[in-house]
Every structure is written in C-alpha cells, then in structure tokens.
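Pasting in a structure now, in structure tokens, and then I'll have a few things to ask.
The values are calculated or read from the model by the stated rules, or taken from the named source; none is laboratory data. All values derive from a computational prediction rather than experimental measurement. Neighbour counts are summed over all protein chains in view; Cβ atoms, including those assigned to glycine, are modelled from backbone coordinates with ideal geometry.
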Amino acid sequence: MADNEKMTMEELEEIIMQIIVNSGAARSLSIEALRDAGKGDFDGADEKMNQADQTLLETHEYQTNLIQDEINGKSAPLSLLMVHAQDHLMNAMTVMDLAREIIAMKKEEKK
C-alpha cells in the first residue's frame, strides 16, 4: 500500500480475521502439543509447538503492519472486532507459554 493510500474497511477486516484465525490455530496446536506430551510423544509435541510458533509469527506480522501504519499516521478505526482479534492473540500467546512450561516439566518427569 502506498503512503497516501488508506486501508479500506474490507482490507482491515481481512487482516483482523487473519489475526483471529491464526491465533486460534496457534492455540489449538499448543493444546494438541500438550496432549502429545501427556502421552509421552515429545517429538509430536515439539513439532506442534514449532507449527504454533510459525503460525503466531505470521500473526505478529499482521499486527506489526497495523502498528506501523498507526505510527505513520494511518491508524485503523478501533472496533470490537479488532479488540476481539487482540484478545485471541494474547490468549494464544498465554496458552503457548504455559504449554512450553508444562511440556518441559513432562520431559523432566520422563528422565
């Protein structure tokens, strides 16, 4: 998008939906990783956490672009949908952090 272009509401909604979808996917992968670890499948757990990390990285790129636009004077309107997307993102990050800790503890138990 050129510096003088404004984002359409449709474009903004698409970005917001990507944040919601990717955050949900990262959260789900983290839960799956926990289940794998609970069964002793640490390779599966690690793979799912790596997938969750990659998915969350994509989500951060969408968020970072919105933040950069705002810094450059092209702020997006605040909406309930945007707040919902940010809530999903923070929830996914929390679940991922907790999953990492629990998986590490499960690995220690198996030693």
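Any idea how many residues of segment 26-44 are touching a residue at least 40 places away in the same chain (Cβ under 8 Å) and within 14 Å of Lys110 (Cα to Cα)?
4
Assess whether Ile102 counts as being in contact with a Leu (Cβ under 8 Å, 6 or more places away or on another chain) and more than 13 Å from Gly24 (Cβ to Cβ). Quick ask: steps written out before the conclusion?
Numbers: in contact with a Leu (Cβ under 8 Å, 6 or more places away or on another chain): yes; more than 13 Å from Gly24 (Cβ to Cβ): yes.
In short, yes.
Which of the residues belonging to segment 1-32 are modelled with pLDDT of 95 or more and small (Gly, Ala, Ser)?
Matches in segment 1-32: Ser23, Gly24, Ala25, Ala26, Ser28, Ser30.
Still on this structure: What is the one condition in (1) closer than 22 Å to Glu11 by Cβ; (2) modelled with pLDDT of 95 or more; (3) hydrophobic (A, V, I, L, M, F, W, C) that Leu66 does not satisfy?
Failing condition for Leu66: (2).
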